[in-house]
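What follows is one structure encoded as structure tokens, with my remarks underneath.
The values are calculated or read from the model by the stated rules, or taken from the named source; none is laboratory data. A quick note: this is a predicted structure, and the numbers were derived from the prediction, not measured. Using ideal geometry, Cβ is built from the backbone for each residue, glycine included, and neighbour counts are taken over all protein chains shown. These area figures cover heavy atoms from the full protein model, side chains too; ligands, DNA and RNA do not enter into them. Shrake-Rupley method; radii C 1.70, N 1.55, O 1.52, S 1.80 Å.
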Amino acid sequence: MNYQNPKIPEGINISDEHPLKDFAAMLIGVGVFIVAAFVIIFALAEWLVRFVPFEVETRLAESTVVGTLVPAVTTASKTQKYLTALTADLVQQQQLPEDISVTVHYIEGDTVNAYATLGGHIIIYQGLLEKLPNENALAMVLAHEIAHIKHRDPIIAMGRGVTIALAMASLSGVGENAVAETLINQINFLTAMAFSRDQEKDADDEALKTLLAYYGHIKGAEDLFALFQHHQSFEPPEFLSSHPVNQERIDNIRLFQQANNYTGATRPLPPL
Amino acid sequence: MFDIVVFLSLITLGYIFGRIAETRHFKSIALREQQLRSILCFSERLPPPLSEPVETTLVAGNVVISVDYFKRIAASLRSLIGGRVTAYETLIERARREAILRMKQEASNLGATTVCNVKLETASITKGKKQQIGSVEVYAYGTALIPTQS
């Protein structure tokens, strides 16, 4: 018998496909799947969170935002009383569902800001109030924030924030305990998270309607954004910012003004 | 952001150097296989019927080859969707052929013409350890038949 070892042809045990081609195909496939999965999860989370009763949101706010973002005891100052009264008037115009309550908090300090957070709390800083030229501009701010609360935007933003945090944590492979810890630590930050541009635009529209109903015109509304435009030396492009750019908001107000052509005078702010 | 830069650099580095090393290795394997073709290798336990007296001795060849970063990522992507792990196929192929070559080389140095009862052992060096680049070890051994001068 003649024994021999024949030469084995190459490529039997290994595929000759280029490794990069294989890699790219896998990367695209897996990437598309992950993105699709996250989009669905985010959409679902945002949609589901709307069904959280306001009562639950209030309790959630008590354990998270109240005491840190919202001062526990609000001073019964003249300004606070005035803001509370004006807010109550505007709330009436917007016809909020009965279970939703709005609380306005006046905070002393130079910060030029106002925002709505969980549990129907609106925070307005002295810095902003001092810069406002008239009551109508203030009403625009308040009506805008009330509209956020009416649309349940804070809880939606929180749902989105929590989902993103969870996704990030699970992607970076953090253990379960760490996830919970991160969530608790960040919940304050998450609830203060910016709303989406659509939510901002909807809140603007709602606020304009409120102003129209309350004053009979919307004069003074654009003063607010003109003010922002004046004070903001650098305005980031819209895709980088969660709020619509000020000029766009002013244009939006002018369009609304053209459609509802009522005129009137602005009301001055009472001495505060 | 920094993580992404590190990741991309590692994957590029892994791909470039891994690919160069692999191409070079395959060339070398093909050349040496041609050179050592005269030594016959069989997996049978007993040698073929012999016409001349022989001495027998154990010959062995051992090799460890590491996965590069690119291969590891490609394989972990593959583990999500299943299928042929082509990234590791070349690795095992190289290790197996290199181990046999080293064994053959030893047999050749001893003046053997045949190696029978050839067996292969494969081991993963970083077994079960995460966050580590794995390496594969292949150990080839057999009985070399050395014709005695008569």
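Some observations on this one:
- Computed from the C-beta positions of A:Phe38 and B:Thr56, the FRET efficiency with R₀ = 45 Å rounds to 0.10.
- Proximal lysine pairs, chain B, alpha carbons under 21 Å, eight or more residues apart or interchain: 6
- Positions from region A:1-15 whose accessible area shrinks by 20 Å² or more when the full protein complex is built, not the chain alone, probe 1.4 Å: A:Tyr3, A:Asn5, A:Lys7, A:Glu10, A:Asn13, A:Ile14, A:Ser15
- Nearest-0.05 FRET efficiency for A:Trp47 and B:Ala123, computed from C-beta distance (R0 45 Å): 0.30
- Chains A and B together, accessible area buried on both sides, 1.4 angstrom probe, square angstrom: 2000 Å²
- In summary, the helical segments of chain B meeting the span-like criteria, namely a full DSSP H run, a Cα extent along the axis of 30 angstrom or more and a mean Kyte-Doolittle hydropathy of at least 0.0, are B:2-35.
- Charge tally around B:Cys116: other residues with Cβ under 11 Å, Lys/Arg +1 each, Asp/Glu -1 each, net +1.
- Ordering B:Ser38, B:Gly18, B:Leu58 by the projection of their Cα atoms onto the charge dipole of region B:1-73, which places +1 on the Cβ of Lys and Arg and -1 on the Cβ of Asp and Glu, puts B:Gly18 at the extreme positive end.
- Length added when fully stretched, A:Leu166-A:Glu248, from 0.36 nm per residue minus Cα-Cα: 26.2 nm
- Theoretical gain in end-to-end length, A:Ser101 to A:Lys201 [0.36 nm per residue, Cα-Cα removed]: 33.8 nm
- Reachable aspartates and glutamates, given that their alpha-carbon falls under 16 Å from the alpha-carbon of A:Lys201 and they are not under 8 places away in the same chain: A:Glu145, A:Asp153, A:Glu222, A:Glu238, A:Glu248, A:Asp251
- FRET efficiency for the pair A:Tyr262 and A:Ala85, taken as 1/(1 + (r/R0)^6) with r the Cβ-Cβ distance and R0 = 25 Å, rounds to 0.55.
- Shielding score for B:89-99, defined as the mean number of other chain Cβ atoms within 10 Å: 2
- Nitroxide proxy distance, nm - points 7 Å out along Cα→Cβ at B:Leu31 and B:Ile146: 2.8 nm
- Rolling a 1.4 angstrom probe over the protein heavy atoms with all chains in place gives region B:1-141 an accessible area of 60 Å² per residue.
- Cβ-based net charge around A:Val49, under 12 Å, with every Lys or Arg adding one and every Asp or Glu removing one: 0
- Selection from B:Gly134, B:Thr113, B:Ser124, by position along the positive dipole direction of region B:1-147 (Cβ): B:Gly134
- Percent of beta bridges antiparallel (DSSP, region B:1-147, rounded to nearest 5): 90 percent
- Across q = 0.10, 0.12 Å⁻¹, chain B modelled as identical point scatterers on its alpha-carbon atoms has Debye log10 I(q)/I(0) values of -0.46, -0.61, in the order of the q list.
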